[in-house]
Each structure stands twice: as structure tokens, then as C-alpha cells.
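Read through the structure below, which is laid out as C-alpha cells, and then see the notes.
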Amino acid sequence: MAKEGAQRAEETEQMIEKEGGKEAAEGSGAGSLRAGDTKEMRAVVLSAFGGLNKLRVSKKAMPEPQEGELKIRVKACGLNFIDLMVRQGNIDNPPKTPLVPGFECSGIVEALGDSVKGFEIGDRVMAFVNYNAWAEVVCTPVEFVYKIPDDMSFSEAAAFPMNFVTAYMMLFEVANLREGMSVLVHSAGGGVGQAVAQLCSTIPNVTVFGTASSFKHEAIKDSVTHLFDRNADYVQEVKRISTDGVDIVLDCLCGENTGKGLSLLKPLGTYILYGSSNMVTGETKSFFSFAKSWWQVEKVNPIKLYEENKVIAGFSLLNLLFKQNRSGLVKGVMDKLLNLYNSKKIKPVVDSLWALEEVKEAMQRIHDRGNIGKLILDVEKAPTPLVS
């Protein structure tokens, strides 16, 4: 591992020297860019909310770091289910289009804004970004950036922040997971689902119930204790094994699963909603799907919660970071997660790598629930040629 880390560090230094020499050559003679010249980069642009045809790779002006920001030469970007909802405009207060999607990436520090401390040009980093991650270059405040362990690849680093921070904070910050507890997690084969399973394995005698598409079962059967088909009557299956139910329910589906999850909670159990993928049924936003999911949600009576000693909660990592200013709390969680990674107790699961130009196909794979682990946009990957 140390040898690999040293090799990566050497490759990083060579790349920085190469880029620096290239820029110096381009700038020689005139001393700087001519008036009207702008450095450009490739980026995935969402022209309007809607279907896959609203996405394209375009040239955009390259950003420069403002005070307190880092400029990152992106190597890999994470693709999450929330990105599908953003594309459809199926979120609260969506930003104006055109926009560059994406909330996490990994890469190499290329420049530092004023007052940035703790990082140097050439550092390998992963970062949260408030949109704009799916590009060759991003700028983001220093409080959202973390150094990558030497033996972690760029693709693994792009798969790490969203999934593992979400899983950790739900399990330990919200639900207070302890020895001997039981957890039900939906979409157990996805990025968050696999992170939840790994983190549960770090606590003794935790029972994990998971739901997933049947074709994923063989690949993920060892990561959970009990695995059920996502279309089966999992409530009865869980109660058959554990008559009292479970201590924690992690729900990324919403709709009718909300009531089912609450019905499975033991006294003092915690139900956490962290997504609503059931609202995404087609390529574009559907009012019918939204209304159906909304009306399927069991109306929660606080008196009933009081009588049954149950807790209902919600969790949004992006809101926590970008709207509620809890980056310090998230940094503490990242420190714990990186310690677990360095101790070989957790490891991000990468499903597949896609070129920026293949973002439509990658999104379709998530929509079809075909992935096991995280899909990654590899900025340097060439599109796979079509086979006739």
C-alpha cells in the first residue's frame, strides 16, 4: 500500500509539473491571456428540467477560486439518485437552468484561494460541491474538502462522501445504533445501502434486514443478515424472523413504505426518511407519481407516536451542508470514516465507470435500479464505442 501511495504521489507531481509547463508555454510571449480569451473546460450541462435529452457535454468557462475556496482538477464524480430528481426538477426550490449537476467529486488541488490553509497544490482530495461537480474543474469552499488516503483511488474517493456520511449520520447521529440492535435498509444494493451494511458490521451483533431487486441478491447476500425481494411482502418476512420488529428503519423509497416502516418499529425504534425514489417512475417528472406517493404516506399522528414510543425522523445531507451550515459536524464524521477506511473496516463499492458523454446511460442504469454500489463519472475516460 505504501508503495502504491508513493507511486500515486509521484504521478500527481508529474501531472502538476506537466500542467504548469503547459500553461507557462501557452502564456509565454504575451505574458497572460489576451483580452477576450477564457480558459474553457468540459462539463455536463442540464439545459432544462426534464428527460435525458436535456443533458449534454458542453464547453464552459473555467472557474477560478474565490477567497476560502480550492480549485480542483476533477478526476471522478459521484452519481446519486438525487441527481435524477434534480434533472427532473423533482426537488424543493430547484435552481434555475442551465446548470451543471453533481454534488461530489475527487481530484487534484490546482489552485488555492486567499486565506486557504491546510492544503497545497497537488493534494489528492475529495469534496462536496453545491452543484457543478460534473465538470473538469470545480471550485468549492475549503470546509467541504478532505484529503484522500494514499491507497484510495479517485473513483473510490468520488464514491465515498455522500454514501458513507449519509449512512454514518443516520445510524449513529440520529438513530444511536448500538450493539445487538436490528436495522432494515431499503435498496440494500445501492451506494448508501452498501455503506449502511458495512458500518453495521463494525458494531457487534447487529442484524441487518435488506430489500433489493432479486437479481442483486447473489452479489450482496453476504453484506446483510436477511435479504428480501423489493417487491415481496417484506413486513411479514421481517416479523416472521423478529416478531417485535426492528430498532431502525432507513427508508429511501417513501410512499407506502413509510407506513410499513413505522409498523415494523420496536418501542423506542427510529424511522428515518432520507429519500423518495418511489416518486421517480418515468424519465420526466410525473405529477401522478408524486400525488400517488404522497397519498400513500401514512399520516403520522403524534399521539400515536407517543403511545407507541416511536421516533420518526428525516435526513438530508445536502441541506445539512449547504443550507444549515453544519460542515464542522460533517468534517468530524469524515474523520471517523477515514479512520475506519484506514483500518480496512469499510471500503466504497464502485459499480461502474462512465465517461462524461455517457451520463445519460449512467443515469438510466440508476433509474433501472441496475447498480450495485456507486456509479462514477470518470472525467478522463473516453466513451465506449457503440458496437453494431
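Nothing in this text is a laboratory measurement; each read-out follows from the coordinates by a stated rule. What you see is a predicted model; the values in this text were computed from it and never measured. Heads up, the Cβs are rebuilt from the backbone with ideal geometry, glycines too, and the neighbour counts pull from every protein chain shown.
Could you check region 78-118 and list, in sequence order, the residues that are part of a strand (DSSP E or B) and within 16 Å of Glu361 (Cα to Cα)? Let's see the steps before the verdict.
Residues of region 78-118 part of a strand (DSSP E or B): 78-79, 99, 104-112.
Across region 78-118, the qualifying residues are Gly78, Leu79.
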Among the residues of region 184-205, how many are crowded, with 21+ Cβ neighbours inside 10 Å, out of contact with any Ser or Thr (no Cβ under 7 Å at 6 or more places or on another chain) and of a type in the set (A, V, I, L, M)?
5
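If I ask for residues that are more than 20 Å from Gly191 (Cα to Cα) and part of a helix (DSSP H, G or I), which ones from region 296-330 would you list? Spell out the reasoning first.
If we filter region 296-330 for residues that are more than 20 Å from Gly191 (Cα to Cα), which is where we start, we get 296-313, 322-329.
Answer for region 296-330, where residues must be more than 20 Å from Gly191 (Cα to Cα) and part of a helix (DSSP H, G or I): Gln296, Pro302, Ile303, Lys304, Leu305, Tyr306, Glu307, Glu308, Phe322, Ser327, Gly328, Leu329.
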Note down all Cβ pairs under 6 Å where the first residue falls in region 141-152 and is over 23 Å from Ser343 (Cβ atoms), the second is among the charged types (D, E, K, R), and they're at least six residues apart or on different chains.
Pro141/Glu69
Those residues that are touching a strand residue (DSSP E or B) at 6+ places or on another chain (Cβ under 9 Å) and either free of Cβ contacts under 8 Å to residues at least 24 places away in the same chain or within 18 Å of Trp354 (Cβ to Cβ) (or both), I need them from region 42-57; list them, please.
Arg42, Ala43, Val44, Val45, Leu46, Lys54, Leu55, Arg56, Val57
